1. What about residue B:81, is it at pLDDT 95 or above, touching a helix residue (DSSP H, G or I) at 6+ places or on another chain (Cβ under 9 Å) and more than 14 Å from chain A (Cβ to nearest Cβ)?
2. Any chance you could count how many residues in region A:34-56 are in a loop (DSSP other than H, G, I, E, B) and either farther than 11 Å from residue A:87 by Cβ or in contact with a His (Cβ under 8 Å, 6 or more places away or on another chain) (or both)?
3. Looking at (1) over 25 Å from residue B:31 (Cβ atoms); (2) touching a helix residue (DSSP H, G or I) at 6+ places or on another chain (Cβ under 9 Å); (3) not charged (D, E, K, R), which is the only condition residue A:73 fails?
4. Enumerate the strands (runs of 3 or more DSSP E) found wholly within region B:1-88, keeping only those where 3 or more residues are more than 21 Å from residue A:3 (Cα to Cα).
5. For residue B:108, work out the one condition from (1) closer than 17 Å to residue A:97 by Cβ; (2) assigned to a strand (DSSP E or B); (3) within 13 Å of another protein chain (Cβ to nearest Cβ); (4) not β-branched (Val, Ile, Thr) it doesn't fulfil.
6. Among the numbered conditions (1) away from chain A (no Cβ under 14 Å); (2) in contact with a Lys or Arg (Cβ under 6 Å, 6 or more places away or on another chain); (3) touching a residue at least 24 places away in the same chain (Cβ under 8 Å); (4) not charged (D, E, K, R), tell me where residue B:89 comes up short.
7. How many residues, within region A:17-56, are of a type in the set (S, T, N, Q) and more than 13 Å from the chain's Cα centre (by Cα)?
Amino acid sequence: GQSLEQPSEVTAVEGAIVQINCTYQTSGFYGLSWYQQHDGGAPTFLSYNGLDGLEETGRFSSFLSRSDSYGYLLLQELQMKDSASYFCAANNQGGKLIFGQGTELSVKP
Amino acid sequence: SQTIHQWPATLVQPVGSPLSLECTVEGTSNPNLYWYRQAAGRGLQLLFYSVGIGQISSEVPQNLSASRPQDRQFILSSKKLLLSDSGFYLCAWRGPPVGEQFFGPGTRLTVL
């Protein structure tokens, strides 16, 4: 079957750096996406890695290693508003997304 | 710009009642459309996707069905709801940026 594993929760303080890891086991893998979801809201897109390496978008960076079936999301200069759930998602044929169970990030003052 | 609408925002239905959730997209044509369900504290599960009018692919066999009667309309239905159908239902379309999907505001369904 297809599955993605990520930690269920992470806690960090304002201004710190946090890394959320994701390992995947899927067929027909095209790339890895990351989404943010605040309580009660819809997921919003953060980043996509179609090739190995690092992608940087402002305070957020994402990394992919296809050979290791592994990726991570790196959040720098954490702010209180970054408290949310973060999901990795494998992109398959037809644009289908297979989601991990999510990592709840709590940012403390 | 593209916009995706879903209604209703919340819904409480008795077991055994029918369901119809509607999703419409504006500002794009011939989009790939997706229905997801999210149980409390869990990830999103892909239910159906559609690449065009009348074309539906089911990802998980269950008590639900989907239809795409128009290019920018995607409907999720059930003839008889089960307690296990409760959840947060999200419609999404795939944007031109690779790897990105845009989600609607969702419908929170409670089956009692």
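The values are calculated or read from the model by the stated rules, or taken from the named source; none is laboratory data. Just so it is clear, the model here is predicted, and its values are computed rather than measured. Positions of Cβ are generated from backbone atoms using ideal geometry, with glycine treated the same way; all protein chains shown enter the neighbour counts.
1. Spelling it out, it is not the case that residue B:81 is at pLDDT 95 or above, touching a helix residue (DSSP H, G or I) at 6+ places or on another chain (Cβ under 9 Å) and more than 14 Å from chain A (Cβ to nearest Cβ).
2. Keep residues of region A:34-56 that are in a loop (DSSP other than H, G, I, E, B), which gives A:38-43, A:50-52.
Add one more test, that the residue is either farther than 11 Å from residue A:87 by Cβ or in contact with a His (Cβ under 8 Å, 6 or more places away or on another chain) (or both), and what stays is A:38-42, A:50-52.
Residues that pass the stated criteria total 8.
3. If we test residue A:73 against (1) over 25 Å from residue B:31 (Cβ atoms); (2) touching a helix residue (DSSP H, G or I) at 6+ places or on another chain (Cβ under 9 Å); (3) not charged (D, E, K, R), just (2) comes out false.
4. Filter on region B:1-88 gives B:3-7, B:10-13, B:19-26, B:44-52, B:65-70, B:73-78.
5. Every listed condition holds for residue B:108 apart from (1).
6. (1)
7. Total satisfying the criteria: 3.
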